[in-house]
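Undergrad: Pasting in a structure now, in structure tokens, and then I'll have a few things to ask.
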Amino acid sequence: MHDPNAPGLINALLANRADTPVPARPLTLSALSRGLLGLDSNPGALSSFLTPQPRQLGALAQLFAESEHDRLLEKLRARLVANLYSDIKVDLPGYVKPDRIVWTDTQRGHEPDATAYYLMKQHVFEVETADSLGDEHTYEQCRLFAAYVRDKFAEFTLIVPSGSGFAARSQLHRWGLSATVLEI
């Protein structure tokens, strides 16, 4: 039978440490974990100097900021990593480049800005800036990538800067193309 006055395992362990004062009130596992996660100042709480500091922009990030296209592509890459996509390929220095997608009859084609898989589904990404949305080159890329995913378990996504989503959807509609538009 359990003695209600006996300290629990967590409190017994804390009481055995000479450098840790016995808590005034018994600690529960959830209270201790909150302390370990630094959410309060109970015994076991992380001190403020261990709190992660905001990320400083490195030389590589500053280089990407020089080009809006590359900046958007880097944001996309980070999003894909954070959302656990696999086999991520991006057209950025230092990364594996996506495979070229070609028309079967002419073997002419384009290299998408990024490709990745989520579960078993392939995703093809093309990044465009607000000023390149109406370009003939953009049309050719979007037409090819939309056709490529049509008969596959795949999805084509057009990545545009925040605030350009409506213009991108309108342009795709004028071209008669289907794609997901993501503003980042």
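Undergrad: Less than 12 Å Cβ to Cβ from Gly134, Lys/Arg counted +1 and Asp/Glu -1: what total charge do the surrounding residues give? Don't skip to the end; give the middle numbers.
TA: Working: positive: Arg174; negative: Glu128, Asp131, Asp135, Glu136.
Taking every other residue near Gly134 into account, the sum is -3.
Undergrad: A follow-up question, please. Volume per residue, Å³, of the convex hull around the alpha-carbon atoms of the stretch 59-183?
TA: Spelled out: Cα convex hull of the stretch 59-183, divided by residues, is 109 Å³.
Values in this text are rule-based calculations from the coordinates and carry no lab data. As the structure is a computational prediction, the values presented were derived from the model and not from experiment. Because the Cβ atoms are built from the backbone with ideal geometry, glycine has one as well, and the counts that use them run over all protein chains shown.
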